[in-house]
Amino acid sequence: MHKLLQVISIGYSIALLVSCLITVEGVIEMPNNKDKVIHATAYFIFTCLWFFTFLNSFKKSKPQAIKTAVIYSIVFGIIIEVLQQVTTQTRQADYKDVIANIIGTLLAVLFINLITKLKVKNN
């Protein structure tokens with residue numbers, strides 16, 4: 001099960017990277033920064049996946065797993081924005097995307113803390 005979690009986390013990371021760097025023909029522009037919700041959701045999932053991977057597969061403590069997942073998530077998001085600017089001609093870096101990514105990451109931390117507290121209370 002731990003290996004599967006690692007594969008899912010790595011696969012999700014690769015899919016996120018590729019989806020942010022590929023050229024998509026005929027994409028409809030989203031009005032009023034609605035794509036920021038997609039960014040926040042993607043990084044919420046990214047952070048949760050990596051938290052559980054670090055916690056279960058790499059046997060980190062909960063605080064270490066959260067810290068590592070948050071750092072990975074923020075750094076990964078910034079790297080993708082830089083890559084969009086320097087390696088693509090159809091994408092551009094946007095600091096608002098980074099902010100949305102960080103918001104998704106922080107929401108994941110709140111969610112993780114909530115579910116782990118509920119799990120402790122139910123035991």
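The values are calculated or read from the model by the stated rules, or taken from the named source; none is laboratory data. Values in this document were obtained by computation on a predicted structure and should not be read as measured data. Because the Cβ atoms are built from the backbone with ideal geometry, glycine has one as well, and the counts that use them run over all protein chains shown. With ligands, DNA and RNA removed, areas are computed over all heavy atoms of the protein, side chains included. Shrake-Rupley method; radii C 1.70, N 1.55, O 1.52, S 1.80 Å.
Results, tabulated for the structure shown:
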quantity	calculated
Top of LYS62, LYS36, LYS96 by mean-square fluctuation, Gaussian network on the chain, Cα under 10 Å	LYS96
Value of relative contact order over the chain, rounded to a whole percent, pairs C-alpha under 8 Å and six or more apart	33
Theoretical FRET efficiency, 1/(1+(r/R0)^6), r = Cβ-Cβ of ILE10 and ASP94, R0 35 Å, to 0.05	0.85
C-alpha center-to-center spacing [the stretch 1-26, the stretch 62-122] in angstrom	14
THR87 accessible area, assembled protein chains, probe 1.4 Å, Å²	90
Accessible-area ranking of PHE54, PHE44, largest first, probe 1.4 Å	PHE44, PHE54
Compactness relative to 2.2 N^0.38 Å, alpha carbon Rg of the stretch 61-123	1.45
Scattering profile of the chain at q = 0.17, 0.18 Å⁻¹ [log10 I(q)/I(0), Debye over alpha-carbon scatterers]	-0.87, -0.95
